[in-house]
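Colleague: My structure is below; once you've seen it, I'll send some questions.
The values are calculated or read from the model by the stated rules, or taken from the named source; none is laboratory data. Quick caveat: nothing in here was measured; it's all calculated off a predicted structure. Reconstructed Cβ throughout: ideal geometry from the backbone, glycine too, with neighbour counts over all protein chains shown. Remember, those area values only see protein heavy atoms, side chains included, never the ligands or the DNA or RNA. Shrake-Rupley method; radii C 1.70, N 1.55, O 1.52, S 1.80 Å.
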Amino acid sequence: MTQHPTHHAGHQPEQPSGRSRAGLRLMHVHAHPDDESSKGAASTAMYVAQGVDVHVATCTGGERGSILNPKMERPDILANISEIRRQEMERARDILGIRQDWLGFVDSGWPEGDPKPPLPEGCFALVPLEEAIVPLVRLIRQFRPHVMTTYDERGGYPHPDHVKCHEVSVAAFEAAADPERFPELGEPWQVLKLYYHHSFNRPRMTAIHEAMLEHGLESPYAERLKEWVPEPEWDARITTRVPCADYFGVRDQALLAHATQIDPDGFWFAVPHEIQQKVWPTEDFELVVSHVDSPTPEDDLFAGITDPT
Ligand SMILES: [Zn+2]
């Protein structure tokens, strides 16, 4: 495991409230480099600006990610994709002002074809759970986060590494607190709250789509919405909406740092900030486990956490 202990102050605007959350620690577990910038990145930047220590654990190196930006589809980049994705992650880390660690697993890739091909030998999705949770349990016990986030049981989207990231996070959340398990990995630590990301929800996409049309703009979501079957019960799982619209610009800069993965002319940037900020100024989460008194709905991942140690 490579350590990146640097912690940057970032370039975020000051919080108008001026409230300091120093002493609070937040850990996001993500499957690939770029996921930390596409899921929950604006709330990450906001919490960093408030003084929260934010740590991202990245399960894989993203070495099987396809190049999704046509301008980066070049042989020299393809030949060095692992190193380039590490450098992209370093830039995103500095922009967000986070610490970040690689858990050291190998990207499983997106299985294409019908039937789908078998997963590549040795990839993250094939590592037995008991083995796969070891580096994360160690990191949780070192960093001692008060709050952890990961993906829902579907992975947010059905990439095998995202589903595995969910399984590993939930199992490590439990195991890190259990003194009977992995005593060699450090003192047990009980993370107080566990969340799933829910920012790619259908009501949000619908609201932004409609606002784009009202403004006479072309919506980037028309096709997706046509195929996306409504699931009101799934959407009702959202418990927590974090207002973080002032940080959408930082989120976009972090995304752009992942130049091989993010097309600057693509759908990520097709919606003007004014529309996003007006129509859907939050990032959305589901509180799954809480060891503190934190009634929902809530608007803060740290709600109910007083006097952190
Ligand atoms: Zn991913």
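Colleague: Give the residues of region 114-133 that are assigned to a loop (DSSP other than H, G, I, E, B) and open to solvent by less than 50 Å² (accessible area, probe 1.4 Å), sorted by residue number.
Modeller: Step one: of region 114-133, the residues assigned to a loop (DSSP other than H, G, I, E, B) are 114-123, 127-128, 133.
Pro120, Cys123, Val127, Ile133 - these are the residues of region 114-133 that are assigned to a loop (DSSP other than H, G, I, E, B) and open to solvent by less than 50 Å² (accessible area, probe 1.4 Å).
Colleague: Right, something else. For the condition at pLDDT 95 or above, within 16 Å of the ligand (Cβ to nearest atom) and assigned to a helix (DSSP H, G or I), what is the one hit in Arg86, Arg91?
Modeller: On the way: Arg91 fails: within 16 Å of the ligand (Cβ to nearest atom).
One residue alone meets the criteria, Arg86.
Colleague: Would you please list the contacts, defined by Cβ atoms under 8 Å and residues six or more apart or on different chains, that run from a residue in region 25-40 that is touching a residue at least 24 places away in the same chain (Cβ under 8 Å) and open to solvent by 10 Å² or more (accessible area, probe 1.4 Å) to a residue that is acidic (Asp, Glu) and more than 12 Å from the ligand (Cβ to nearest atom)?
Modeller: Note: pairs meeting the criteria are Arg25/Asp53; Asp34/Glu88.
Colleague: Are there any pairs with C-beta distances below 6 angstrom linking a residue in region 119-140 that is within 19 Å of Arg99 (Cα to Cα) to a residue that is at pLDDT below 95 and not in a helix (DSSP H, G or I), with the two at least 6 apart or on different chains, and if so which?
Modeller: Close Cβ pairs satisfying both conditions: Pro135/Met1.
Colleague: I'd like the residue in region 272-299 that is part of a loop (DSSP other than H, G, I, E, B) and touching a Pro at 6+ places or on another chain (Cβ under 9 Å) and, out of all such residues, is surrounded by the most Cβ atoms within 10 Å (Cβ to Cβ). Talk me through it step by step, then tell me what you get.
Modeller: Here is the first cut: in region 272-299, the residues part of a loop (DSSP other than H, G, I, E, B) are 272, 280-281, 291-297, 299.
Then drop every residue that is not touching a Pro at 6+ places or on another chain (Cβ under 9 Å), which leaves 280-281, 299.
Working: Trp280: 21, Pro281: 15, Asp299: 11.
So the residue we want is Trp280.
Colleague: Something else about it: Could you list all residues from region 185-206 that are assigned to a helix (DSSP H, G or I) and crowded, with 22+ Cβ neighbours inside 10 Å? Walk me through it before giving the result.
Modeller: Filtering region 185-206 for residues assigned to a helix (DSSP H, G or I) gives 185, 202-206.
Correct list: empty.
Colleague: Right, another one. Just name the residue that is most open to solvent (accessible area, probe 1.4 Å) out of those in region 63-83 that are in contact (Cβ under 8 Å) with a residue 60 or more places away in the chain and either under 24 Å from Arg138 (Cα atoms) or part of a loop (DSSP other than H, G, I, E, B) (or both).
Modeller: Residue satisfying both the conditions and the ranking: Leu68.
Colleague: What number of residues within region 143-176 are open to solvent by 30 Å² or more (accessible area, probe 1.4 Å) and of a type outside the set (Asp, Glu)?
Modeller: 7
Colleague: With the structure loaded, tell me whether Gly51 is in a loop (DSSP other than H, G, I, E, B), in contact (Cβ under 8 Å) with a residue 24 or more places away in the chain, away from the ligand (no atom under 16 Å from the Cβ) and not polar (S, T, N, Q) or whether it fails that test. Break it down into steps so the answer makes sense when it comes.
Modeller: Details: in a loop (DSSP other than H, G, I, E, B): yes; in contact (Cβ under 8 Å) with a residue 24 or more places away in the chain: yes; away from the ligand (no atom under 16 Å from the Cβ): yes; not polar (S, T, N, Q): yes.
When the stated conditions are applied, Gly51 passes them.
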